[in-house]
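A short worksheet on the structure shown next.
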Amino acid sequence: NNNNFLTNIDSLSNQEIIDILIKIKGVGPWTADMFLMFTLNRLDVFPINDLGIKKGMQKLFKLDTIPNDKFIIQKSKKWSPYRTIVCLYLWKLIDGKDFDW
């Protein structure tokens, strides 16, 4: 029931929301992660399938190749419960511009 989902969305875990959203045709894990991050403002989301995140991790850790999912998951654990904020920095890291401190 969509009305129940929307009414109780704040009480649902990230994974519960992902599980509901990916049942919608055309919505996958990446879209669900973006919804959690930018619509619900959830602070502990880390979209491991995002190419920008992968490239940001590669640059941050000075790797020759894009890291695999196991590496990304393991390294991102230390940033919990603020992994969404880390994502913003990783995306900024690869956009080719300096940070505006």
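Calculated FRET efficiency, Leu63 to Trp30, Cβ-Cβ distance, R0 = 22 Å: about 0.50 to the nearest 0.05. Across the alpha-carbon atoms of segment 1-53, the computed radius of gyration and Dmax are 11.0, 34 angstrom.
Overall, the chain carries a charge dipole of about 340 debye about its Cα centre when +1 sits on the Cβ of Lys and Arg and -1 on the Cβ of Asp and Glu, all other atoms neutral.
Each of Ile66, Ile24, Tyr82 was placed along the dipole of the chain (beta-carbon charges, centred on the mean Cα), and the one lying farthest toward the positive end is Ile66.
Using alpha carbons only, what's the Rg to Rh ratio of the chain with Rh from Kirkwood?
Values: Rg = 14.9 Å, Rh = 14.7 Å.
Radius of gyration over Kirkwood radius for the chain works out to 1.02.
Between Lys23 and Asp10, full extension at 0.36 nm per residue minus the direct alpha carbon distance yields a gain of 2.8 nm. Given Cα pairs under 8 Å that are at least 6 residues apart, what percent is the relative contact order of the chain? Here the relative contact order equals 23 percent. Rolling a 1.4 Å probe across all protein chains gives Met37 an accessible area of roughly 10 Å².
The values are calculated or read from the model by the stated rules, or taken from the named source; none is laboratory data. Please read these numbers as outputs of a predicted model, since none were measured by experiment. Neighbour counts are summed over all protein chains in view; Cβ atoms, including those assigned to glycine, are modelled from backbone coordinates with ideal geometry. These area figures cover heavy atoms from the full protein model, side chains too; ligands, DNA and RNA do not enter into them. Shrake-Rupley method; radii C 1.70, N 1.55, O 1.52, S 1.80 Å.
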